[in-house]
1. Is there a residue being farther than 20 Å from residue 234 by Cα, touching a Ser or Thr at 6+ places or on another chain (Cβ under 7 Å), free of Cβ contacts under 8 Å to residues at least 12 places away in the same chain and not aromatic (Phe, Trp, Tyr) anywhere in the stretch 181-200?
2. Please verify whether the stretch 203-213 includes one or more residues that are out of contact with any strand residue (DSSP E or B) (no Cβ under 8 Å at 6 or more places or on another chain) and within 25 Å of residue 103 (Cα to Cα).
3. Can you list residue pairs whose Cβ atoms sit under 8 Å apart, with the first residue in the stretch 71-89 being more than 22 Å from residue 149 (Cβ to Cβ) and of a type outside the set (Val, Ile, Thr) and the second being modelled with pLDDT of 90 or more and in a loop (DSSP other than H, G, I, E, B)? Count only pairs 6 or more apart in sequence or on different chains.
4. Given the criterion within 29 Å of residue 157 (Cβ to Cβ), modelled with pLDDT under 85 and touching a Ser or Thr at 6+ places or on another chain (Cβ under 9 Å), identify the matching residue among 95, 83.
5. Do we find that residue 192 is under 28 Å from residue 115 (Cα atoms), in a helix (DSSP H, G or I) and not β-branched (Val, Ile, Thr) in this structure?
6. Could you list, in sequence order, all residues of the stretch 156-178 that are out of contact with any helix residue (DSSP H, G or I) (no Cβ under 8 Å at 6 or more places or on another chain) and either in a loop (DSSP other than H, G, I, E, B) or under 19 Å from residue 90 (Cβ atoms) (or both)?
7. Tell me, which residue of the stretch 180-207 that is on the phi < 0 side of the Ramachandran plot and polar (S, T, N, Q) is surrounded by the most Cβ atoms within 10 Å (Cβ to Cβ)?
Amino acid sequence: MFTRNVAKNFGMMNTGARRAFSSTNMQAGQSNAALWAGAGILAASGLYYMNQKEATPAMTAADYPPHGLHEHVKTLPKWIQVGCGDSEYICAEKGATFSGDNTPQKMPDLSGHNNFMTDVLKKDPAIYDRLKNVKTKSGVTLGQCIKTGMDNKGHPFIKTCGIVAGDEESWTTFREIFDPIISDRHNGYAPDAKHPTDMNPDNLSTTPIDPTGRYVLTSRCRTGRSIRGFKLPPCISF
């Protein structure tokens, strides 16, 4: 959770930092730049924590983090620097101009957008008007949830969800937009559907992934969990 701004929403993915990733960097041809930029920011943040005992006056608790910038981050391009710290990622250079912290009262023009979130709003623009001033108990806004899909217009053949939950309550507070997106993304997954779960390890497949040894170099199993009471990207604080 180094920064609120180095996050990710590649589809519905949620990870621990925020907006330089989520808001701007998955435009066509920018994915590698985004990954390297994010790696640089996280590395710089990690370096700060490793060197706290040798911190200079420029890295005091009142300045960095999250309000100031580490000296190493200052060597990165400006469009990365504005995504560090605790403020919202706004960068005209990368097309990240939608404010989630101050949700616009008028829905932006979505004619050039292609993601599941904007598809839903195109079908029923009134959803935006009904939810634009609503907040969850922890203060999450609709704008913060949809910023990633507003800034990333997407591609008709590579569709992302265009929305992320800011906290646990987002799925119910903003269910009017989350439910149809989830259904569209999963080809008809209803709000009352139950995800099949099998936690018995004896039922894991023993079928060799690549018996010839010619194709698979590595494999992995990813797990993750959220902690109740903590906001999720794109809203987690430093």
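1. Checking the stretch 181-200: at least one residue is farther than 20 Å from residue 234 by Cα, touching a Ser or Thr at 6+ places or on another chain (Cβ under 7 Å), free of Cβ contacts under 8 Å to residues at least 12 places away in the same chain and not aromatic (Phe, Trp, Tyr).
2. no
3. Every condition considered, no pair remains.
4. Values: 95 fails: modelled with pLDDT under 85.
Step by step, each of 95, 83 is checked, and only 83 is within 29 Å of residue 157 (Cβ to Cβ), modelled with pLDDT under 85 and touching a Ser or Thr at 6+ places or on another chain (Cβ under 9 Å).
5. The answer is no for residue 192.
6. 156, 157, 167, 168, 169
7. 183
A quick yes/no check of all residues on (1) crowded, with 20+ Cβ neighbours inside 10 Å; (2) modelled with pLDDT of 50 or more:
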residue: 36; (1), (2): no, no
residue: 43; (1), (2): no, no
residue: 60; (1), (2): no, yes
residue: 74; (1), (2): no, yes
residue: 91; (1), (2): yes, yes
residue: 99; (1), (2): no, yes
residue: 103; (1), (2): yes, yes
residue: 107; (1), (2): no, yes
residue: 114; (1), (2): no, yes
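The values are calculated or read from the model by the stated rules, or taken from the named source; none is laboratory data. These numbers come from a predicted model, not from an experiment. All Cβ positions, even for glycine, are placed from backbone atoms using ideal geometry, and neighbour counts span all protein chains on display.
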